[in-house]
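The structure appears below as structure tokens.
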Amino acid sequence: MKPSPFTYHDPHSLDEALALLNQYGEEARIIAGGQSLVAMMNLRLAQPDHLIDINNIPVLNGIECQDRLLQIGALTSHQDILQSELVRQSCPILTNAAAHIGHYAIRQRGTIGGSLSHADPAAEWPMIAILLDGEMEIAQLSGEKRTLGARDFIQSIYTTDLAPEEILTKISFPCLEENEGWAFKPFARRRGDYFIVAVAACLTLDQSGRIKRLRLCLGGMEATAIRLDEIEQGSIAHLPDENWIREVAKAACNEGNPVDDHNADVEYRRELVEILVTDALQDAFKGTQRG
Amino acid sequence: MSKTAFRLNVNGQDYEVLVEPRKLLSDVIRDDIGLTGTHVGCEHGVCGACTVLIEGKPQRSCLVFAIQARGQSIRTIEDVADENGDYSTLQQMLHEEHGLQCGFCTPGIVLTMEAFLKSNPDPSEEEIREALSGNLCRCTGYQNIVKAVQKTILRGHEEDKEIASL
Amino acid sequence: MNQTNDKTAFLNAGKTLLRKEDRRLLTGHGRFTDDIHVVGELHACFVRSTYPHAKISALNTAEASAAPGVITIVTAEDLSEWTTTLRLAPPIEGLLPIEMTALPKDKVRFYGDLIACVIATDRYLAEDAAELVIVEYEPLEAVTGMFAAMEEDAPLVDEELGSNMISHQSFETKSIQKIMKAADRIVESTFATARQTHLPIETRGCIAEWDEGSQHLTMHIGNQAPHPFRSVLAGRLKLRESQVTIVVPDVGGGFGQKIALYREELIVAALARHLKRPVRWREDRMENMLASSHAREDFARTRAAVDSNGRIIGLMLELIEDFGAYCFYPANYLARVVAMILTGPYDIGEYAYDVKVVLTNKCGNGPMRAPMAITSWIMDGTIDNIARELELDPVQVRRLNMLADSAYPHTMATGETMEDINPGTALEKGLESIDYKNFRKRQLDDRTRGVYRGIGICSVVESTTYGSKFYKAAGIPGSGHECAWVKVDPSGEVRASAGVMSTGQGYETAFSQAVAEGLGVDPKDVAIKLGNTDVAPYGMGSRGARGATAGGGTVYLAAAAVREKALAIAAKLLGLNSADHLSIQEGRVCWFFDGKIQETELTLSDIARTAYLDPTSLPDGMEPGLEVTKAYDPPPMTYSNSCHFCEVVVEVNSGIVKIERYLVVENCGNVLSTQIVEGQQLGAISMGLSGSMFEHMIYDESGYNQTGLLSEYMMATASELPEIEIISVATPNRRTPIGLKGMAEGGVMGSIGAVSNAVSDALAPFSVVIDSHPISPLSLRQKLRKSH
């Protein structure tokens, strides 16, 4: 289990990195935290000829909040997100999701941009990005930038819209509203494992206590996390009572087109969705009452 | 493939190494620098035996290429006891509580928990177990490791009290 | 100070001595195989099969041989010149002889099987070259299940055998058939353990050094049984045993995986000799998972004839083990023990067993901590099923069938004699500690709230320290004796050695205590030298929970013999007629009289100096020197016992099992080192819980392993395992030195039974019974769905 040979590149600016990507195209891979990539390289499942290390591009690292938009540099580690007071205050579901990623040492080096670019369907960030309609900022060689919503960015298992010569530079999340309830409920066999099924929800109520907005997302039921648009729309103006939760949970478990594997058959995934949606909505509702 | 020369700072000392860029930090620390306390257990980031501190943070040295660690300070198990060979409190407690058997996972556990306790001085048992969950141990069932960590915390509190009472 | 005026009291055994091994291991200065480097060393890397079962139609190494750093690439043909074929053909009825070459010649038998070996100057380069070896396969149908393997038209794993059933043995008492026929009620139960692997955190590996000048091979390798390993290695390399030295450094766990001579190690040694260069190999984790050694995968069915009170009047066991593709051990070795000791603490006079072992296209099996792990689950699971079917309390059924503690020694129907155990006491003590009386009420109250709580009980009679007589009687090849020496040097320093080898158990500490006890010195002053076959005496190694009793016990006997000689010298030096009133404590000769103790001026160092440097002062006819080598063959079997209690809550909607309490009552006799014994118990219980709840080596139907990574093969982490409470009700063994017993495997046996029985108990309202492992949330949901 040793990686095959590659040429190592250590650009110190984004332009430099983009130029290298342009030069080597599909033969190159970007390495950020490398917590998935290096494992794959050790197994020789990935054998890039050129490895472009973006760890020395400081502009890619950092957390800011402007105009109720939380902006996280792609190179920011899971641990930095987990420990950020700014994140905790503006978008606490990110703090919670970060705590579920891998293990303590993995969180120190793994990055949010790396995780999103890798697009593992059982990973936390792609799912949370889809839940919150995060915006991906992507740099191109031309010096241009393009931005893309998470649902367009993440296309399938390990597949994103990122072209070989592009770099994901920043992810923006709209801050949660005041009194917005939220919950992230992953189910895994062991602590730190990729989830088998996960549910994430955000809920806001209007002044009369009816639902103003629901965001509900399932992981582990498709090749990417899925938003339950119809349920979200149908919930508007509904009273967030136990009945509603039960109905949503029942409806949600019919969503998606999951597969059988040795951790979960289709029916079990649906059973888990029902349990986790119930838990998530109860927690999210509680969150709306914190006021 | 061509080798590259660069300098690594390990346990406060600079080492010149000449290795291929693909060489893993774990292998360079062990084979080129000769510090064999860092153990290699899985080479895909799961077992935690190879954990070292890079800039004070516990990281899997099997998931980092040595060349990536140029200019950063690396700390390995050999640097945890002081220069007289006296154990850190955590090492002492692992010794007293029988928190190791074969000892192969131990260096990774010591470094992970040293760093963890520094940033979380008063964790619950659940938090200790969560932090430890990235280090596999086949011998102990973890119970005595958890106990040792708890005693380390208690010892820290006692020392704080002593300082406060001075 | 360890001193007493009771000459017969233990001064060192049964105490906690902080481990001597810890300093080096805690500070990064342990010395494991991979930490050793030899000048000029080369690296081995193996080319492995990507098919589960296939003929090798062509093998092309040309491009690979030309790759940078490559010294050579060898194939089956090369190896057949340098090594002999292993033939396992012990004279055991029902066991087919089987042969294995160093590399498979014409076909591969499992996914990960060996094909060729690349030798290069660097491991990275060796792996580069291994990728370039071109193998052409002619795929064959694979047989991946034990039942499929027994079908008549099943593909054959080994054509030479003519059958996949490599071993079949049975036994029955005189009247069992009659009893089963006449019985009013037969309770049938089934049990299936999953395929697992040992998963030492240090994988296997070795360094072979060939000294052309002296024609000598030195092999550095983490191994549990260095001498038997040397015998096999020398034989297969066609060397004399004196030409081979095995040096075992620190070992990062073994659990049974590091006993046999595997093919990779043989090949590395053969190549070192052929190339006249040191060759090293480090098994990577994927190789370890796919192709080192697997374990378990037993299926058992019991049929118990019972009366209306739940009394078992006859028991039949059918056991099938899936042994994988290769045999590094006689195939009957593991399953046979289960059948021999099944009835354990229960009074079952009429008994029959039928044990089959089959080959399949999977990685070969070997003994893993508690090769007989399934035993206690089968027995106590059967008891629980009887209780359920007859609507009786499971404790009541246990009490009814259990032998009274006063009934021991007791001989089982199979002829196995258990002695000095107290399963009744262990059960009752545990019931009291866990408050069983109130548990059932709590359970009912919780059920009304939708909380499904259960308790599982598992009584274990653990077979430990197998003596030669057991092997002989059970038809298993092997000796159970152990050998040790203790030497007091002229300086007074004490050294000791034995043939067993620690893989993390702390022998340096425990054996120091054994020497200290036998000789009368401070354990801190004893140096233990293990693992080098030129230094250690020939012993049978570490396996079958024999470290303390066989290893420590023999060390103790040797130390006691040294003391006897030392005291004879002391008597002479003190001008006494006899040594009857003398003993040694803390290295000083003491005089005991009227229950009082008086120190003399004489120390062990003085005696040693006399023994070596002033032999004319020794008693008449005494040999100079102060050292003793002793061999000791323990009783046929040294039984320990324990009773495990596991309380769980099962979330029926999700299938998640939470262990709320785990308690074990242990009787493992007198012990050498209390802390180490407790550590072994915790480790064994954890391995059993992890195994029965999480671990599963999964092969798909075509024979591909789906769990070759640590992220896929689920070993429990610190977050999944419970806190374990241990209560001791120890009684010494009457025959062994110090009254020692083994104990490192019973935890596995008990925990897999206790947790399985607990989940079944919790799910009784749904009539769900745990009959297979792992007890995954998915498997519980699948069972619960059927029950609705």
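Shown is the FRET efficiency for C:LEU574 and B:ASP82, computed with R0 = 45 Å from the Cβ-Cβ distance and rounded to the nearest 0.05: 0.40. Exposure here means at most 12 other Cβ atoms within 10 Å; with GluC sites (Glu not before Pro) in a DSSP loop as sites, the longest stretch of chain B lacking them is B:84-166. Of the beta bridges DSSP finds with both residues in the stretch C:263-395, what % are antiparallel, to the nearest 5? Of all bridge pairs located within the stretch C:263-395, approximately 50 percent are antiparallel. For chain C, the Kirkwood radius over C-alpha pairs fed into Stokes-Einstein at 25 °C and 0.890 mPa s yields D = 88 µm² per second. Under the simplified labelling scheme, the C:ASP184-C:ARG23 pair shows an inter-label distance of 6.9 nm, with each label point 7 Å from Cα along Cα→Cβ. For the stretch C:61-163, the list of GluC sites (Glu not before Pro) that fall in a loop by DSSP and count at most 14 other C-beta atoms within 10 angstrom reads C:GLU93, C:GLU141, C:GLU151, C:GLU152. A Förster radius of 30 Å, combined with the Cβ-Cβ distance separating C:SER711 from A:ARG290, puts the computed FRET efficiency at roughly 0.20.
Express in nm, to one decimal, how much length is gained between C:GLU493 and C:ARG87 on full extension, taking 0.36 nm for each residue of separation and deducting their alpha carbon distance. Going from the current span to full extension adds 141.7 nm.
Does anything in the stretch C:38-77 have its amide N under 19 Å from the 7 Å Cα→Cβ label point of C:ILE134, and if so which residues? Output list for this probe position: C:47-51, C:55-68, C:73-76. Convex hull volume of the Cα atoms of the stretch B:89-165, normalised per residue: 78 Å³.
Could you compute the longest span of chain C free of trypsin sites (Lys or Arg not before Pro) located in DSSP loops and having at most 16 other Cβ atoms within 10 Å, not counting the site residues? It works out to C:530-733.
Of the trypsin sites (Lys or Arg not before Pro) found in the stretch B:1-57, those that fall in a DSSP loop while having at most 15 other beta-carbon atoms within 10 Å are B:LYS3.
Taking amide H positions as modeled 1.01 Å from N, with prolines and chain starts lacking one, no residue 5 or more places away or on another chain lies under 5 Å from C:ARG109. If you plug the beta carbon distance of C:TYR612 and A:GLU16 into 1/(1 + (r/R0)^6) with R0 = 60 Å, you get a FRET efficiency near 0.20.
Calculated [222 nm] ellipticity per residue, helices only, for chain C: -8500 deg cm²/dmol; basis is -39500 (n - 2.57) per DSSP H run with n ≥ 4, divided by all residues, nearest 500. Other residues lying with their Cβ under 12 Å from the Cβ of C:PRO423 contribute a combined charge of -4, Lys and Arg counting +1, Asp and Glu -1.
Note on the stretch A:111-182: Cα Rg divided by 2.2 N^0.38 Å, N the number of residues, gives 1.12. Taking every DSSP beta bridge that has both ends in the protein assembly as shown, the antiparallel portion is near 80%.
Considering only alpha-carbon pairs that sit under 8 angstrom and 6 or more positions apart, the relative contact order computed for the stretch C:8-128 is 38 percent. Each label point was placed 7 Å from the Cα along the Cα-to-Cβ direction; for C:ASP6 and C:VAL39 their separation is 5.9 nm. Of the DSSP H helices in chain C, those that are both long (alpha-carbon extent of 30 Å or more along the helix axis) and hydrophobic (Kyte-Doolittle mean at least 1.0) are C:553-574. Annotation note: chymotrypsin sites (Phe, Trp or Tyr not before Pro) in the stretch A:1-93 located in DSSP loop regions with a Cβ neighbour count of at most 13 within 10 Å are absent. The mean number of Cβ atoms from other chains found within 10 Å of a Cβ in peptide A:2-11 is 6, as a whole number. Applying a length cut-off of 18 Å (Cα extent along the axis) and a mean Kyte-Doolittle floor of -1.0 to the DSSP H helices of chain A leaves A:266-288.
No lab work stands behind these numbers, since they all come straight from the coordinates. The shown structure was predicted, so the numbers you read here are calculated from the model rather than taken from an experiment. Cβ: placed from backbone, ideal geometry, glycine included. Neighbour counts: every protein chain shown.
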